[in-house]
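Input: a single structure, listed below in structure tokens.
The values are calculated or read from the model by the stated rules, or taken from the named source; none is laboratory data. Since the model is a prediction, treat every value here as computed from it, not as a measurement. Don't worry about glycine lacking a Cβ; one is built from the backbone with ideal geometry, like all the others, and counts go over all protein chains shown.
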């Protein structure tokens with residue numbers, strides 16, 4: 001009876017999915033860069049994250065405002081003069097807010113007002129052979 005229980009347990013463990021490998025596979029498919037980042041080659045699976053900016057409250061009790069900038073350059077000329085080069089969204093790293101999606105057009109820099117929390121940017125769609133620059137100004 002003991003051997004049967006051990007055999008069943010071994011078979012159950014062998015058939016169970018390896019969730020750690022699955023999470024590692026998903027993580028390895030997403031390219032992540034820190035903010036600021038300049039002229040980074042991007043795909044739909046690219047994200048950018050602020051590293052340890054910190055949370056600060058100004059003396060009046062409201063959060064300070066900052067401006068995030070995102071610029072895209074492509075080596076493949078778009079078919080139209082007002083072509084969308086990328087679609088992105090900003091998200092707070094605490095998971096409370098998502099801004100966007102925003103379209104980024106040729107020869108334009110996207111500017112988005114953010115508060116003083118730490119933020120990230122997710123590339124939703126982008127033209128092939130594109131480089132992206134992302135920075136936040138105080």
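Annotations
- Considering the range 39-68, and only residues there that are at pLDDT 70 or above and farther than 20 Å from residue 94 by Cα, the residue that is surrounded by the fewest Cβ atoms within 10 Å (Cβ to Cβ) turns out to be 39.
- For residue 82: the one exception among (1) more than 17 Å from residue 35 (Cβ to Cβ); (2) within 18 Å of the chain's Cα centre (by Cα); (3) outside any strand (DSSP E or B): (2)
- Some residue of the range 22-38 being in contact with a strand residue (DSSP E or B) (Cβ under 8 Å, 6 or more places away or on another chain), surrounded by fewer than 12 Cβ atoms within 10 Å (Cβ to Cβ) and modelled with pLDDT of 95 or more: yes
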